[in-house]
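Student: Dropping the structure in here first, questions after.
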Amino acid sequence: PALLMTTLFENAVKYGTQPDGRLRLRLMLTTSEDRWRFVIENDLPAQRPSAGGLRMGLELARGRLESLYPGRYAMRIDHRPERYLVEITTW
């Protein structure tokens, strides 16, 4: 679902851009007949501005996944001081 991936991409750009404007993203999408896996990972600046958001993007993504793949998906988030990763797998 393109809009789902767009939300995750926007979050990576918003929170991963360095103070000098650099951005480092890693994206991976693999598919087969009835499943797909999407991974997006971004480096985090050492000094980040406050998030300022309501974390609605991730909640909306979960809701969209549940409506499209009820009980047939997993969303893993790995948040470390230096990076942020979201992995979605469907079956």
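The values are calculated or read from the model by the stated rules, or taken from the named source; none is laboratory data. Please read all numbers here as calculations on a predicted model, not as lab measurements. We place every Cβ from the backbone using ideal geometry, glycine too, and count neighbours over all the protein chains shown. Just the protein is used for accessible areas: all its heavy atoms, side chains included, with ligands, DNA and RNA removed. Shrake-Rupley method; radii C 1.70, N 1.55, O 1.52, S 1.80 Å.
Student: What does the highest-first list of 68-81, 12-25, 32-45 look like by mean Cβ count within 10 Å?
Tutor: Ranked from most to least packed, the peptides come out as 32-45, 12-25, 68-81.
Student: Calculate the radius of gyration of the Cα atoms of the chain to one decimal place, then report Dmax, the largest Cα-Cα distance, as a whole number, both in Å.
Tutor: Rg, Dmax (Cα atoms, Å): 13.7, 42.
Student: So what's the back-of-envelope 222 nm ellipticity for the chain, counting only DSSP H runs of four-plus at -39500 (n - 2.57) apiece and dividing by all residues, rounded to 500?
Tutor: Taking each H run of at least 4 residues, the total per residue is -10000 deg cm²/dmol.
Student: Give me the 1.4 Å probe accessible area per residue for the chain, excluding ligands and nucleic acids, in Å².
Tutor: Accessible area per residue, the chain: 67 Å².
Student: When Lys and Arg each count +1 and Asp and Glu each count -1, what net charge do the other residues less than 14 Å away from LEU60, Cβ to Cβ, add up to?
Tutor: 0
Student: So how tilted is helix 2-16 from the main axis of the chain? Cα-based, degrees 0 to 90, rounded to 10.
Tutor: Here the helix axis deviates by roughly 20 degrees.
Student: Using 1/(1 + (r/R0)^6) with R0 = 41 angstrom and r between the beta carbons of ARG64 and ASP20, what's the FRET efficiency to the nearest 0.05?
Tutor: Between ARG64 and ASP20 the formula returns 0.75.
Student: If I compute solvent accessible area with a 1.4 Å probe over the protein chains, what percent of it on the chain is carbon and sulfur?
Tutor: With neighbouring chains kept in place, the figure for the chain is 55 percent.
Student: Once both axes come from the Cα atoms, what is the angle between helix 56-68 and the longest principal axis of the chain, in degrees from 0 to 90, rounded to 10?
Tutor: Long axis of 56-68 versus the principal axis of the chain: about 10 degrees.
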